[in-house]
Amino acid sequence: MPSQSRWPSEKTGWTPPPQLTAFIHMLSFHTWRFVASRSQSRIHSFQVVRFFSTSQRSLFCSTTMAETQSGTQTPISGASTPVPRGKAVNNKPPKKEVKILMLHGYTQSGPLFRAKTRAVEKLLVKALAPRNLIPSLIYPTAPNRLYPRDIPGYQPSSDNEGREDEEIDSWAWFRKDEATGSYRLVQQGMLQLASAIEETGGGIEGVIGFSQGGCVASILAAALERFRQPAVEHKEWVESIRAANGGQPLKFWVSYSGFWAVDQDLSAWLYQPKVKTPSLHYFGGLDTVVDESRSQGLVERSEGAVKVVHPGGHYVPVSKEWVVPLAGFVLQSLTEAPREDEEKL
């Protein structure tokens, strides 16, 4: 005996056409795989099977007819919209510019420092790209010009007679008085940084410095920690720097062959308490320019400092194996949730 339709047409007053009845019975004896293989969407295939189990014939008729006429699929009310095959869901955060100050060493300049660290810049850009972080490296030049007689190791001779006052492309963030140990021209150097920060629109998140630039990086990081009260003679440039950066502290700072500021007027408020902004310190195992004790002194005045020792001398190592720790440290500092004490900086 032929099977009877499960639809009680006597109650509804509607009788399905024979073609539709045959179609329903055919699908009733086939598996989920059969239905899925003939559908353009797994989600919609599930909806069709669900329809058969609940006998929603009016919805089936309207949906099936619409699909047949238009060639498209109409999702059932209450179901999620199907995701087209081959399209990956983009969960990446929006691109974000990360402004980083790059501070050259004594006798150098911004353009020269960039030329020497170009490889670091390229590798850093590549490392941060997967997180949609776009580093923007800014290379200011210090304001205090140096002359040949100011260069370490300079010896007057008949060959360079009259060249002691020749203008050369050598600059310093500050000068040290060897007799007293105090620093001169600090305000000029720091106001130059305030101008550089202001020109970029503020929002500097990190600073990387080499040699004297590493020392200045620590000064800048400490000065931007809002809880610190600078000495009266340093108040002007500290306020200028904080205003230029919108009152925000740095998220990280990095020192290559840097050293701590021994000037008593500076160190009295810069390093007491220790600098809280996260820091990374590179030492050259063969560095003969900056004594290791001076660099270690900077580490000891930085809370939770990370130390890396490379086998070279007084320079910034640019090979990949030495840039990887830098990239990892920068990425962690930018993406890690701030600690309670960092929020009070």
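Taken across the stretch 81-104, residues that are out of contact with any Leu (no Cβ under 7 Å at 6 or more places or on another chain), among the hydroxyl-bearing types (Ser, Thr, Tyr) and modelled with pLDDT of 95 or more do not occur at all. The residues of the stretch 237-266 that are at pLDDT 95 or above, polar (S, T, N, Q) and not in a loop (DSSP other than H, G, I, E, B), listed by number, are Ser240, Ser255. Out of curiosity, is Gln272 polar (S, T, N, Q) and surrounded by fewer than 18 Cβ atoms within 10 Å (Cβ to Cβ)? Considered against the rule, which asks whether it is polar (S, T, N, Q) and surrounded by fewer than 18 Cβ atoms within 10 Å (Cβ to Cβ), Gln272 comes out as yes.
Give the residues of the stretch 134-165 that are under 30 Å from Lys95 (Cβ atoms) and either part of a loop (DSSP other than H, G, I, E, B) or modelled with pLDDT under 95 (or both), sorted by residue number. Answer for the stretch 134-165, where residues must be under 30 Å from Lys95 (Cβ atoms) and either part of a loop (DSSP other than H, G, I, E, B) or modelled with pLDDT under 95 (or both): Tyr139, Pro140, Thr141.
Looking at the stretch 166-189, which of the residues that are aliphatic (A, V, I, L, M) and assigned to a loop (DSSP other than H, G, I, E, B) is nearest to Leu280 (Cα to Cα)?
Looking at the filtered set, the residue picked out is Leu185.
When residues of the stretch 119-132 are filtered for being open to solvent by 30 Å² or more (accessible area, probe 1.4 Å), touching a Leu at 6+ places or on another chain (Cβ under 7 Å) and either free of Cβ contacts under 8 Å to residues at least 24 places away in the same chain or under 13 Å from Asp169 (Cβ atoms) (or both), how many remain? Summing the residues that are open to solvent by 30 Å² or more (accessible area, probe 1.4 Å), touching a Leu at 6+ places or on another chain (Cβ under 7 Å) and either free of Cβ contacts under 8 Å to residues at least 24 places away in the same chain or under 13 Å from Asp169 (Cβ atoms) (or both) in the stretch 119-132 gives 0.
Per the conditions (1) in a helix (DSSP H, G or I); (2) touching an Asp or Glu at 6+ places or on another chain (Cβ under 9 Å), the sole criterion not satisfied by Arg294 is (2).
Let's see how each residue does on (1) in contact with an Asp or Glu (Cβ under 6 Å, 6 or more places away or on another chain); (2) under 24 Å from Pro230 (Cα atoms); (3) in contact (Cβ under 8 Å) with a residue 12 or more places away in the chain:
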| position | (1), (2), (3) |
| --- | --- |
| Arg114 | no, no, yes |
| Thr117 | no, no, yes |
| Ile134 | yes, no, yes |
| Ile138 | no, no, yes |
| Pro148 | yes, no, yes |
| Asp165 | no, no, yes |
| Phe174 | no, yes, yes |
| Thr180 | no, yes, no |
| Met190 | no, yes, yes |
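Taking the stretch 190-213, which residues are in a strand (DSSP E or B) and closer than 23 Å to Val289 by Cβ? Within the stretch 190-213, Val207, Ile208, Gly209, Phe210 meet the criteria.
Every residue, every condition in (1) hydrophobic (A, V, I, L, M, F, W, C); (2) within 25 Å of Arg175 (Cβ to Cβ); (3) more than 29 Å from the chain's Cα centre (by Cα), yes or no:
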residue: Gly258; (1), (2), (3): no, yes, no
residue: Val262; (1), (2), (3): yes, yes, yes
residue: Leu280; (1), (2), (3): yes, no, no
residue: Asp287; (1), (2), (3): no, yes, yes
residue: Asp291; (1), (2), (3): no, yes, yes
residue: Ser302; (1), (2), (3): no, yes, no
residue: Val308; (1), (2), (3): yes, no, no
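Here are some residues: Phe252, Phe227, Phe210. Which one is open to solvent by less than 10 Å² (accessible area, probe 1.4 Å) and in contact (Cβ under 8 Å) with a residue 60 or more places away in the chain?
Phe252
The values are calculated or read from the model by the stated rules, or taken from the named source; none is laboratory data. This structure is a prediction, so every number in the text was calculated from the model and none was measured. Every residue, glycine as well, gets a Cβ built from its backbone with ideal geometry; the counts of neighbours run over all protein chains shown. Only protein heavy atoms, including side chains, enter the accessible area calculation; ligands, DNA and RNA are left aside. Shrake-Rupley method; radii C 1.70, N 1.55, O 1.52, S 1.80 Å.
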